[in-house]
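Heads up, the thing below is written out as structure tokens.
The values are calculated or read from the model by the stated rules, or taken from the named source; none is laboratory data. These numbers were taken from a predicted model, which means no experiment stands behind them. Every residue, glycine among them, receives a Cβ derived from its backbone with ideal geometry; neighbour counts consider all protein chains shown.
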Amino acid sequence: MKLEVGKLLYQGKAKDVYETDHPDQVMVKFRDDITAGDGQKKDKIGKKGYYNSIISAKFFLLLAEEGVETQYLDLPEPGYMLCKKLEMIPLEVIARNVAAGSLVRRFPFQEGQELDPPLIQMDFKNDEYHDPMLNDDIAKALGIVTQDDLDYIRRVTLKINKILKNFLESKGLMFPDFKIEYGRDKEGNIVLGDEISPDTCRFWDRETCDILDKDLFRKGESGVIEAYRRVAEIILDEDDLEKWSLDPE
Ligand code: TMP
Ligand code: ASP
């Protein structure tokens, strides 16, 4: 079934945002496109949008239960997320519990080294400038955020990290790092938006050390969709699985 949506408002590398009948709500379509390296490496992976939407919905619901305000309103069908409309802030807010990825490429950390307390890093979300790392002064001078906004984003991100890390560890997954994005609602409140999925997080199986995220694609390895399905299988409970099948048509 294809859901009725309004006008296309915005097209990102992996999601489309559509108008709805409600002025304060948008419908986000999770596509199967997958990219890396500022979109230089591209592919389409069947069912990726499906899995990312159910995984993100699960995380958003979990965070809402713990008092984190999110953009999520409903998943009328997997692949389509009804969301509160936000003016997105061009920040990629990254939390790191274990050194991996660009952190070990850019700094003398060992891959797998624990980072306690966790690190918060903010990058400027801008493909033209290749998402450079920011500091508070640069972010404020760019006019993106105030110091109060930065303090709030940092506090909420640490809270999100704690909730998700505890949840994932209870399921046997390590949570080395993740990236989230925030936006402002029409009242000006900063709200968690975008997605939380294997496209935007690192998930490692604690026992087998298997990589269960987009790093497989970044490294040109096989089994990408199997890894995404596995994450869904690990985090969804029986009630979730009644609504969202792990094996769609
Ligand atoms: P990094 O180690 O490559 O900087 O990535 C840190 C985290 O951010 C990792 O969980 C993957 C996620 N991420 C995105 O969601 N989008 C991006 O464009 C990049 C580079 C990383
Ligand atoms: N999100 C970036 C891109 O799509 C890079 C990445 O996730 O590795 O190009």
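Can you say whether residue 217 is closer than 23 Å to residue 16 by Cα, within 19 Å of the chain's Cα centre (by Cα) and part of a helix (DSSP H, G or I), as far as the supplied structure shows? When the stated conditions are applied, residue 217 passes them. In the condition set (1) without any contact (Cβ under 8 Å) to a residue 24 or more places away in the chain; (2) among the hydroxyl-bearing types (Ser, Thr, Tyr); (3) more than 23 Å from residue 34 (Cα to Cα), residue 157 is compliant with all but (1). For region 45-60, the tally of residues that are surrounded by 13 or more Cβ atoms within 10 Å (Cβ to Cβ) and in a loop (DSSP other than H, G, I, E, B) stands at 2. Taken over region 208-228, the criterion of being touching a residue at least 40 places away in the same chain (Cβ under 8 Å), out of contact with any strand residue (DSSP E or B) (no Cβ under 6 Å at 6 or more places or on another chain) and within 16 Å of ligand 1 (Cβ to nearest atom) is satisfied by 214, 215, 224, 228. Screening region 29-44 for residues that are surrounded by 15 or more Cβ atoms within 10 Å (Cβ to Cβ) and part of a loop (DSSP other than H, G, I, E, B) and picking the one that is nearest to ligand 1 (Cβ to nearest atom) gives 31. Number of residues in region 181-205 that are without any contact (Cβ under 8 Å) to a residue 60 or more places away in the chain, surrounded by fewer than 23 Cβ atoms within 10 Å (Cβ to Cβ) and within 16 Å of ligand 2 (Cβ to nearest atom): the value is 1. Taking residues in region 24-48 that are without any contact (Cβ under 8 Å) to a residue 40 or more places away in the chain and within 21 Å of residue 125 (Cβ to Cβ), and partners anywhere that are within 16 Å of ligand 1 (Cβ to nearest atom) and of a type in the set (Gly, Ala, Ser), the pairs with Cβ atoms closer than 6 Å and at least 6 places apart or on different chains are 31/14; 31/49; 33/14. For region 84-91, the criterion of being at negative phi and part of a helix (DSSP H, G or I) is satisfied by no residue at all.
Answer with yes or no whether residue 26 is modelled with pLDDT under 95, away from ligand 1 (no atom under 16 Å from the Cβ), among the β-branched types (Val, Ile, Thr) and surrounded by 15 or more Cβ atoms within 10 Å (Cβ to Cβ). So residue 26 does not fit the description; no. So is residue 242 more than 16 Å from ligand 1 (Cβ to nearest atom), under 19 Å from the mean Cα position of the chain (by Cα), in a helix (DSSP H, G or I) and surrounded by fewer than 20 Cβ atoms within 10 Å (Cβ to Cβ) or not? Answer is no for this residue. Do you know which residues across region 10-23 are more than 16 Å from ligand 1 (Cβ to nearest atom), of a type outside the set (Ser, Thr, Tyr) and surrounded by 15 or more Cβ atoms within 10 Å (Cβ to Cβ)? Within region 10-23, 16, 17, 19 meet the criteria. Taken together, 231, 156, 145 contain a single residue that is hydrophobic (A, V, I, L, M, F, W, C), crowded, with 21+ Cβ neighbours inside 10 Å and more than 16 Å from ligand 1 (Cβ to nearest atom), which is 145.
Checking each residue in region 102-139 for being within 12 Å of ligand 1 (Cβ to nearest atom), in a strand (DSSP E or B) and either among the β-branched types (Val, Ile, Thr) or exposed (fewer than 12 other Cβ atoms within 10 Å of the Cβ) (or both) picks out only 120. Does region 61-69 contain any residue that is farther than 23 Å from residue 33 by Cα, without any contact (Cβ under 8 Å) to a residue 12 or more places away in the chain, assigned to a helix (DSSP H, G or I) and within 16 Å of ligand 2 (Cβ to nearest atom)? Taking every residue of region 61-69 in turn, none turns out to be farther than 23 Å from residue 33 by Cα, without any contact (Cβ under 8 Å) to a residue 12 or more places away in the chain, assigned to a helix (DSSP H, G or I) and within 16 Å of ligand 2 (Cβ to nearest atom). With aliphatic (A, V, I, L, M), over 16 Å from the mean Cα position of the chain (by Cα) and within 26 Å of residue 8 (Cα to Cα) as the only criterion, which of 55, 89, 45 stands out? It is 45.
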